[in-house]
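Input: a single structure, listed below in structure tokens.
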Amino acid sequence: MNIALVNTVNLPEPDPDEAPLLAALRAAGHTARSIAWDDPAPTPETDPASFDACVIRATWNYHRALAPFTDWLRANAPRTRLINPLDTVLWNIHKRYLRDFEDRRIPIVPTRWADRGSTIDLARTAADRGWSRVVIKPAVSAGSRDTRCFDLATQADDAQQFLDRSAAREDTMIQRYIPSVETGGEVAVICIGGRISHAIEKRPRFAGEQEGIAARPLDEPLRRFTQAVLDACPVPSVYARVDVMLNDHGGIVLSELELIEPSLYFGHGPGSAERMVGAIEHAATATGSPAL
């Protein structure tokens, strides 16, 4: 098969997943290359229609060009096999999807939603919920864009101003800061072909900061929670990354479910690039949409 890994013309940082996945695809006998969704002058060789499958990988600027990106997806979905599929990507773009999990009794990081143009009294909101520290971030974002943490005891005015600016331009999330990230970090569980593959631990990253990662063992509670998230997800996927944290009582809560362009950390999961190749092969040759 001829397979494309879809990225962007100007990557904000290197994609460590690209080389091992290209190598694994070629080792399996496929033709594989990277193409940019926002290529201003695509050639016949980089036209999505020339590929059996286009795997969305490092499209890390999509949130800054949302309409052109979704237009590209819709235009090419009938011309190639998008992985993950179109409906999955559209559902996952806006973090309102977390409400779907809440409705399905999957615990999420406590969140207050601020629709674009709305005005919210942050001090009252936090006091009503017993929050002393908050994270404010856009509801459509990637790479920790415009994400900041505030201690309301000393930064209440700054936090309100930041929230006001954010909500004036886009839908925004206010979340309780989960203290466990300072000691245990955020755990990301990578799932390939509907199965749990491996996990890593990420230290929290805010705007302008570097991300620290390390391998993380998969214990039984983490496996059960991840499987519950996969079972509750209303859309199909070939790859997924389930990001979780521990609440004050040691319970696992869902931070994000990444189905568009998450790093899959092949370097921390022996054999995971090869498993990804198998999942791509299955999805590219399946009739209908790929399923979890």
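Observations, loosely collected:
- Solvent-accessible surface of the range 1-71, taken per residue with a 1.4 Å probe and all protein chains present: 46 Å².
- Where GluC sites (Glu not before Pro) in DSSP loops with at most 16 other Cβ within 10 Å are excluded, longest remaining stretch of the chain: 1-208
- Nitroxide proxy distance, nm - points 7 Å out along Cα→Cβ at Arg26 and Ser50: 1.7
- Near Thr147, the amide H atoms lying under 5 Å from its own belong to Ala207; only residues 5 or more places off or on other chains count, and H is placed 1.01 Å from N.
- Span from the the range 240-267 Cα centroid across to the the range 99-146 one, whole angstrom: 17
- Selected from Ala168, Ala142, Phe225, residue furthest toward positive end of dipole (the range 126-277; charges at beta carbon): Phe225
- Per residue, the accessible area of the range 164-249 comes to 44 Å² when a 1.4 Å probe rolls over the protein heavy atoms.
- For Arg216, the residues 5 or more places off, or on other chains, whose built amide H falls under 5 Å of its own are Ala199, Ile200, Glu201.
- In the chain, the longest principal axis of the Cα atoms and the axis of helix 66-76 are about 30 degrees apart.
- Considering only Ser50, Ser237, Ile200, and ranking their Cα positions along the charge dipole of the chain that arises from unit charges at the beta-carbon of Lys, Arg, Asp and Glu, the one farthest toward the positive end is Ser237.
- Prolate/oblate/rounded call for the range 230-292, Cα gyration tensor, a/c under 1.5 rounded: oblate
- Only protein atoms count toward the accessible area here, which uses a 1.4 Å probe; on the chain, the carbon and sulfur part of that area reaches 48 percent.
The values are calculated or read from the model by the stated rules, or taken from the named source; none is laboratory data. The shown structure was predicted, so the numbers you read here are calculated from the model rather than taken from an experiment. Glycine gets a Cβ as well: all are built from the backbone with ideal geometry, and neighbour counts include every protein chain shown. For the accessible areas, the whole protein counts, side chains as well, though only heavy atoms, and no ligand, DNA or RNA atoms are used. Shrake-Rupley method; radii C 1.70, N 1.55, O 1.52, S 1.80 Å.
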